[in-house]
Amino acid sequence: MTDVLAIADHRDGELRDVSFELATAGRALADETGGDVHLAVISGPVDDFADGLALDGVDVVHTVEYGDEFNHDVYVQAISQLYETIEPQYVLVPNSVNGLDYAPAVAARLDLPIVTDVVDLDVDGETLIATREMYGGKVETTTELDAGTALATIREGEWPAAEGAGESSIDAFDAEIDEAAIGSTVTGFEEVAGGDVDISEADLLVSIGRGIEEEENLDLIRDLADALDATLSSSRPIVDAGWLPANRQVGQSGKVVTPEVYIAIGISGAVQHVAGMKGADTIVAINTDPNAPIMDIADYAIHDDLFDVVPALIEQFS
Amino acid sequence: MKVLVTVAEVATVDDEFEIDGTEIAGRYLGADLNEWDDYAVEEAVQLQEADIADEVVTVTIGPEEAEQTIRQALAKGADRAIRVWDDAFEGVDLLDVRAKAEILRAVVEAEDPDLILTGVQTGDDSWMATGVSLAESIDFQWAAVVNHLEHDFDDGVAAVRRELEGGVEELTEVELPAVLTIQTGINEPRYASLRGIRQAQRKELEAKSLDDVGLDDGVVEGSLELTAMYEPEAESEARVWEGSAEETAGELAELLREKGVTA
Ligand SMILES: Cc1cc2nc3c(=O)[nH]c(=O)nc-3n(C[C@H](O)[C@H](O)[C@H](O)COP(=O)(O)OP(=O)(O)OC[C@H]3O[C@@H](n4cnc5c(N)ncnc54)[C@H](O)[C@@H]3O)c2cc1C
């Protein structure tokens, strides 16, 4: 009961980056519990995946061959059986969209406490100490789980990716999947957010968030984009409201952008937004809230009302 | 079909705030309907308007003060509401996912819905886990992060789209009864009309204790404890431009010109 079991994430035949981050997080945790790191990969070309997951610090890679794509019922059954076999102390799952589709069910089935979207983990005896954010990143908290065993979902991008081949043994785990208990079927995938403009190609992005308040105020931002000859992008609420098309959304569920300059106007900097723009060379934030999380990654900041600053900026370029 | 929607009142925080122990001091806090639940309520009300749902019931774990938020959901068209609260919750600063799922399970057993809609997450503690946890504990099917729901339910199946990362959507068919966790953007939540607000005052809002739903106090005792809250240390030192809007805009213009913006 000192081992750590982590579950890799993949899509469309490729391991997702978070799988390698999980190996690092798992190793760090297992160093504290004194146990082994078990990394499991379920469905898809598992044998190919296993080669990629035999990383430094990973003791065993478990492969569960079943179907091509993610199905949460298969994951819940396979992980529960792995858990019964390995009897780990902690289970780590990516806080990805798919992770969130099976981890709570696994925890409920195994009667494990669950702590989600963790950005740091520590162990003190039998207590797992998880760092997580609240209120959209305005505060950080520590949560202690005094349960002996627990399941934690880890935020993508918080641990460095493990690299370097390890001495991992590879174990083809023979999970017994009860097909009658599979209640959902994936019927396809679709790429959304195509269209006229590709914001991921732009060098200069003027990006607007909920601070704009009303659709008609968007004209002001369009004027700015025109004046700077920049491309217009946005955070999610603007797209949700139908004010801009989906191909303008920056973030985890939108596009990843890497412009030279990203001007974030009235955007708080929620983690799912930052996931899409943190690779910009220079980030400028215009926000009335000096404590908005966007300030943590901004290179330059203006703590002021966008309705004052933007017209003044347009003035500078006309 | 009967639709149950989980509705949470979440705490909102002012721009400037102070932390008091493991909480934000009350004077900096406001309360609002959880953004994700607003979309879940709207989806349920649209099902009702399409004559697919016969009844839309909301369920909230929250104190009496939450009733103003629950009335918002009623004003938008939900038929009636259930609120579960108990003295045992006082002083619990973090209700864990298991406790929430257990309490909701008790309500589901009494209500027997065909479809349960929850938000993907709450805007304050953002667990992102209650809906799927509930589904497992009541033996319903589920789908997380749903941004489209077909309204015909052919053969007792909900056809949904799940929003994955990077602009990819997964098309999935889920057997009913099911729990769907609803993502923003699935619809356009309505504002409550004046008439709706008036009608909401007369709709049934039933308050239940743990005992009423067949649970004892022990359910709130999770193994989780919030032990610290602090403002995260800024990771990068942003250069803050001070002054009037003209001055700060001037600084930004200069930076942009240095970067070659000539327009
Ligand atoms: C599974 C999942 C996936 C998601 N994917 C994405 C994604 O891809 N992209 C994305 O962006 N979000 C995504 N989100 C949503 C994300 O969590 C946030 O809700 C969203 O990014 C907030 O957008 P915002 O910053 O525009 O709005 P808010 O958080 O409301 O911030 C508005 C900001 O504007 C400031 N402001 C207000 N008025 C003014 C003014 N007059 N002048 C200057 N500043 C002002 C405020 O201080 C505040 O900081 C996702 C969420 C989930 C759960």
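The values are calculated or read from the model by the stated rules, or taken from the named source; none is laboratory data. This structure is a prediction, so every number in the text was calculated from the model and none was measured. For neighbour counting, all protein chains shown are included, and Cβ atoms are generated from backbone atoms with ideal geometry for every residue, glycine included. The accessibility values were calculated without ligands, DNA or RNA, using every heavy atom of the protein model including side chains. Shrake-Rupley method; radii C 1.70, N 1.55, O 1.52, S 1.80 Å.
Scaled to the compact-protein estimate 2.2 N^0.38 Å, what is the alpha-carbon radius of gyration of chain A, rounded to two decimal places? Intermediate results must be reported in sequence, preceding the final value.
Working: Rg = 22.1 Å, N = 318, 2.2 N^0.38 = 19.6 Å.
Ratio of Cα Rg to 2.2 N^0.38 Å: 1.12.
Residue by residue, what Karplus-based ³J(HN,Hα) values in Hz, rounded to whole numbers, does region A:120-137 have, using 6.51, -1.76 and 1.60 with θ = phi - 60° and x for Gly and Pro?
Karplus values, whole Hz, x for Gly and Pro: 7, 9, 8, 10, 10, x, 9, 9, 9, 10, 10, 9, 9, 9, 9, 6, x, x.
Rounded to the nearest 5, what % of DSSP beta bridges with both residues in the protein assembly as shown are antiparallel?
Roughly 40 percent of the beta bridges in the protein assembly as shown run antiparallel, per DSSP.
Report, in listed order, any pair from B:Lys100/B:Lys208; A:Lys138/B:Lys259; B:Lys2/B:Lys76; A:Lys138/B:Lys203 with a Cα-Cα distance greater than 25 Å.
A:Lys138/B:Lys259; A:Lys138/B:Lys203
For the pair B and A, how large is the buried accessible area, both sides, in square angstrom to the nearest 100, if the probe is 1.4 Å? Numbers along the way, then the final one.
Details: alone 15150 and 15370 Å², together 23200 Å².
Its buried surface, counting both partners, is about 7300 Å².
Along region B:19-35, what does the Karplus equation 6.51 cos²θ - 1.76 cosθ + 1.60 (θ = phi - 60°) give for ³J(HN,Hα), rounded to whole Hz, x for Gly and Pro?
Per-residue couplings from phi come out as 9, 10, x, 10, 9, 7, 4, x, 6, 9, 10, x, 9, 8, 5, 4, 3 Hz.
Restricting to DSSP H runs of at least four residues, report the calculated mean residue ellipticity at 222 nm for the protein assembly as shown, -39500 (n - 2.57) per run over all residues, nearest 500 deg cm²/dmol. If you can, show how the numbers build up before the last one.
Values: 14 runs with 156 residues, N = 581.
Dividing the helical sum by the residues of the protein assembly as shown leaves -8000 deg cm²/dmol.
Given an 8 Å cut-off on Cα distances and at least 6 residues of separation, report the relative contact order of chain A as a percent. Don't skip to the end; give the middle numbers.
Working: 705 pairs, mean separation 46.4, N = 318.
So the answer I get is 15 percent.
To the nearest 20 debye, what charge dipole does region B:109-263 have about its Cα centre, counting +1 at the Cβ of each Lys and Arg and -1 at the Cβ of each Asp and Glu?
900
Could you pull the Cα extents of region B:164-263 along its three principal axes, largest to smallest, in whole Å?
Here the spans come out as 67, 41, 39 Å, largest first.
Given that compact globular proteins tend to follow 2.2 N^0.38 Å, what is the ratio of the alpha-carbon Rg of region B:172-225 to that value? Each step should come with its number before you reach the end.
Details: Rg = 18.2 Å, N = 54, 2.2 N^0.38 = 10.0 Å.
So the Cα radius of gyration is 1.82 times the expected 2.2 N^0.38 Å.
On average, how many beta carbons from a partner chain sit within 10 Å of the beta carbon of a residue in A:296-307?
Numbers: counts 7, 4, 6, 5, 8, 5, 11, 6, 8, 1, 1, 1.
Neighbouring Cβ atoms belonging to other protein chains average 5 per residue here.
Using the alpha-carbon centroid of each, what span in Å lies between region B:204-263 and region A:153-177?
32
Going by the alpha-carbon gyration tensor, a ≥ b ≥ c the square roots of its eigenvalues, is region B:1-80 rounded (a/c under 1.5) or, if a/c is not under 1.5, prolate (a/b greater than b/c) versus oblate? Could you put the intermediate results ahead of the total?
On the way: a/c = 3.45, a/b = 2.80, b/c = 1.23.
Since a/c reaches 1.5 and a/b is larger than b/c, the shape of region B:1-80 is classed as prolate.
What is the spread of the Cα atoms of region A:275-314 along each of their three principal axes, largest first, in whole Å?
Taking the Cα atoms of region A:275-314, the three principal extents are 28, 22, 15 Å.
How large, in percent, is the carbon and sulfur part of the accessible surface of chain B at a probe radius of 1.4 Å? Write down the numbers at each step before the final one.
On the way: 4600 of 11480 Å².
Accessible surface attributable to carbon and sulfur in chain B totals 40 percent.
Which listed residue (B:Gly185, B:Gly243, B:Val220) has the Cα farthest towards the positive end of the charge dipole for region B:176-263, taking +1 on Lys and Arg C-beta and -1 on Asp and Glu C-beta about the Cα centre?
B:Gly185
Exactly which GluC sites (Glu not before Pro) in region B:146-189 are in a DSSP loop and have at most 15 other Cβ atoms within 10 Å?
Values: sites: B:Glu150, B:Glu163, B:Glu165, B:Glu169, B:Glu170, B:Glu173, B:Glu175; in loops: B:Glu150.
Here the sparse-neighbourhood loop sites are B:Glu150.
Using Cα-Cα distances under 8 Å and only pairs 6 or more residues apart, what relative contact order does chain B have, in percent?
Values: 482 pairs, mean separation 62.5, N = 263.
It comes to 24 percent, rounded to a whole number.
Considering every Cα-Cα pair within chain B, what fraction, in whole percent, is farther apart than 25 Å?
Summing the P(r) tail past 25 Å for chain B gives 51 percent.
Residues of region B:159-182 that become at least 40 Å² less accessible with every protein chain present than in their own chain isolated, using 1.4 Å: which are they?
Residues meeting the cut-off: B:Arg162, B:Glu163, B:Leu164, B:Glu165, B:Gly167, B:Val168, B:Glu169, B:Glu170, B:Leu171, B:Glu173.
Leaving out ligands and nucleic acids, note down the accessible area per residue over the protein assembly as shown with a 1.4 angstrom probe, in whole Å².
Details: 23200 Å² over 581 residues.
Heavy-atom accessible area per residue stands at 40 Å².
Determine how large the accessible area of B:Trp142 is when every protein chain is in place; take a 1.4 Å probe and give Å² rounded to the nearest 10.
10
Using modelled backbone amide H atoms (1.01 Å from N, in-plane), which distant-in-sequence or interchain residues come within less than 5 Å of A:Asp9's amide H?
For A:Asp9, whose amide H was placed from the backbone, the distant partners under 5 Å are A:Arg16, A:Ser19.
With axes computed from alpha carbons, what is the tilt in degrees of helix B:97-111 against the longest principal axis of chain B, rounded to the nearest 10 within 0 to 90?
That helix lies at roughly 40 degrees to the long axis.
Could you please report the charge total around A:Val139, scoring K, R as +1 and D, E as -1 over all other residues with beta-carbon less than 9 angstrom from its beta-carbon? Intermediate results must be reported in sequence, preceding the final value.
On the way: positive: A:Lys138; negative: A:Glu133, A:Glu140, B:Glu231.
Every neighbour counted, the sum reads -2.
Quick one: grab the alpha carbon gyration tensor of region B:120-218, order the square roots of its eigenvalues as a ≥ b ≥ c, and give me rounded if a/c is under 1.5, else prolate or oblate depending on whether a/b is larger than b/c.
It is oblate, given that a/c is not under 1.5 and a/b is not larger than b/c.
Step through the residues of region A:163-168 one at a time and calculate ³J(HN,Hα) from phi using the Karplus curve (6.51 cos²θ - 1.76 cosθ + 1.60, θ = phi - 60°), rounding each to whole Hz and writing x for Gly and Pro.
Once θ is set to phi - 60°, the couplings for region A:163-168 become 9, x, 5, x, 9, 4 Hz.
Quick one: check the C-alpha center-to-center distance for region A:288-318 versus region B:159-181, whole angstrom.
Answer, in whole Å: 37.
Tell me which of A:Ile170, A:Gly211, A:His72 sits at the most positive position along the dipole axis of the protein assembly as shown, charges placed on C-beta atoms (Lys, Arg +1; Asp, Glu -1).
A:Gly211
Mind checking which of A:Tyr135, A:Ile114, A:Ala147 is farthest towards the positive end of region A:1-157's charge dipole, using Cβ charges of +1 (Lys, Arg) and -1 (Asp, Glu) about the Cα centre?
After comparing all options, I get A:Tyr135.
Counting only other chains, and only Cβ atoms inside 10 Å, what mean value do you get across the residues of A:246-254?
The shielding value for this peptide is 3.
Could you tell me what % of all Cα pairs in region A:108-213 have separations over 22 Å? Before the final figure, lay out the partial values.
On the way: 3798 of 5565 pairs.
Value for region A:108-213: 68 percent of Cα pairs lie more than 22 Å apart.
Rounded, prolate or oblate: which one fits region A:196-293, using the alpha carbon gyration tensor with axes a ≥ b ≥ c (rounded when a/c is under 1.5, else prolate when a/b beats b/c, else oblate)?
Since a/c stays below 1.5, the shape of region A:196-293 is classed as rounded.
Just to confirm my numbers, what's the Cα centroid distance between region B:25-92 and region A:29-57 in Å?
The distance from the Cα centre of region B:25-92 to that of region A:29-57 comes to 42 Å.
In chain A, which whole DSSP H runs stretch at least 30 Å along their own axis (Cα) and average 1.0 or higher on the Kyte-Doolittle scale?
Details: long enough: none.
Span-like helices in chain A: none at all.
Using modelled backbone amide H atoms (1.01 Å from N, in-plane), which distant-in-sequence or interchain residues come within less than 5 Å of A:Asp171's amide H?
A:Val61, A:His62, A:Thr63
When each pair of different Cα atoms in region B:26-165 is counted once in the 1/r mean, what is the Kirkwood radius in angstroms, to one decimal?
For region B:26-165, inverting the mean 1/r across all distinct Cα pairs yields 16.1 Å.
Using square roots of five times the C-alpha gyration tensor eigenvalues, list the equivalent-ellipsoid semi-axes of region A:79-161 in whole Å, biggest first.
Values: eigenvalues 86, 48, 26 Å².
Values for region A:79-161, descending: 21, 16, 11 Å.
Starting from the Cα coordinates of the protein assembly as shown, work out the convex hull volume and express it per residue in Å³. Let's see the in-between values first.
Numbers: hull volume 88.9 nm³, N = 581.
It is 153 Å³ per residue.
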